[in-house]
Amino acid sequence: LTARSLHNMSSRRNKPFVVVHCGAIPDNLLESELFGYEKGSFTGADHRHAGLLESAAGGTVFLDEITEMSTSLQGKFLRFMQDGEVRRIGSHDIQHVTVRVVAAANKNIDEEVNAGRFRMDLLYRFIVRLRVPPLREHKEDIPLLIESLLKKFGYPKVRISVKAMELLMAYDWPGNVREMENVLQQTLLLSPF
């Protein structure tokens, strides 16, 4: 939500917003997804493929769970962050791409740097660090967040009872907004209305 808001409130709002779930894509595939590849560069590469960085040119790329990216891929990504250079797998040609990069870490990034699992030089390429507090630390936002999610799911007229809202506000939400989205979707799916 934060990354999308940054994009939507910027001069890049009419350009692509591309989400990359680093933790959901195996590292060898993540490189080809980010940087693209040339036909014949590996088994199954039967066509040329522009990567997500190229696809997001002029816009924003959101790297979710960036701490799941291997240190070797972090090195290649560091080069992109420094110079905007994209070289598809199997190619010697370099394209220059201008894109805003927003990243989220699912682990404490300072601990990952200290343990050698995240490159300090890559961390320093990110100009601004924001700490988005977990939902349990800003429960006063839950009613507004629920209203927003209900609209997103196509139920703008559904209202939550006072008793249900009290239960939602009392819960600690260890899975944060994603858990809340899941709970709301399940409830809407199983409701008799």
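The values are calculated or read from the model by the stated rules, or taken from the named source; none is laboratory data. Here the structure is a predicted model, which means the values were calculated and not measured. Don't worry about glycine lacking a Cβ; one is built from the backbone with ideal geometry, like all the others, and counts go over all protein chains shown. Remember, those area values only see protein heavy atoms, side chains included, never the ligands or the DNA or RNA. Shrake-Rupley method; radii C 1.70, N 1.55, O 1.52, S 1.80 Å.
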Any hit, the range 71-84, residues being outside any helix (DSSP H, G or I) and on the phi < 0 side of the Ramachandran plot: no
Enumeration of residues in the range 1-49 that are modelled with pLDDT under 90, outside any loop (DSSP other than H, G, I, E, B), polar (S, T, N, Q) and over 30 Å from Leu149 (Cα atoms): Asn28
Contacts under 9 angstrom Cβ, first residue in the range 55-74 being touching a residue at least 40 places away in the same chain (Cβ under 8 Å) and farther than 13 Å from Leu122 by Cβ, partner of a type in the set (Phe, Trp, Tyr) and assigned to a strand (DSSP E or B), 6 or more apart: Ala56/Phe17; Gly59/Phe17; Thr60/Phe17; Val61/Phe17; Phe62/Phe17
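Restricting attention to the range 141-156, does a residue exist that is open to solvent by 100 Å² or more (accessible area, probe 1.4 Å), out of contact with any strand residue (DSSP E or B) (no Cβ under 9 Å at 6 or more places or on another chain) and farther than 19 Å from Arg4 by Cβ? Talk me through it step by step, then tell me what you get.
As a first pass, look at the range 141-156 and keep what is open to solvent by 100 Å² or more (accessible area, probe 1.4 Å): 144, 151-152.
Those still in the list that are out of contact with any strand residue (DSSP E or B) (no Cβ under 9 Å at 6 or more places or on another chain) too: 144, 151-152.
Adding the requirement that they be farther than 19 Å from Arg4 by Cβ leaves none.
No, that holds for no residue.
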Hits in the range 111-123 - residues which are in a helix (DSSP H, G or I) and open to solvent by 70 Å² or more (accessible area, probe 1.4 Å): Glu111, Asn114, Met120
Some residue of the range 83-95 being open to solvent by 60 Å² or more (accessible area, probe 1.4 Å) and either modelled with pLDDT of 95 or more or among the polar types (S, T, N, Q) (or both): no
Residues that are among the charged types (D, E, K, R), within 28 Å of Asp64 (Cα to Cα) and assigned to a loop (DSSP other than H, G, I, E, B), drawn from the range 142-193: Asp172
Selection count where residues are open to solvent by 10 Å² or more (accessible area, probe 1.4 Å) and more than 16 Å from the chain's Cα centre (by Cα), scope the range 68-79: 7
Some residue of the range 130-137 being open to solvent by less than 40 Å² (accessible area, probe 1.4 Å), among the aliphatic types (A, V, I, L, M), farther than 15 Å from Leu1 by Cα and touching a residue at least 12 places away in the same chain (Cβ under 8 Å): no
Phe126 open to solvent by 20 Å² or more (accessible area, probe 1.4 Å) and out of contact with any His (no Cβ under 6 Å at 6 or more places or on another chain): yes
Failed condition for Ala104, given (1) exposed (fewer than 13 other Cβ atoms within 10 Å of the Cβ); (2) among the small types (Gly, Ala, Ser); (3) touching a residue at least 60 places away in the same chain (Cβ under 8 Å): (1)
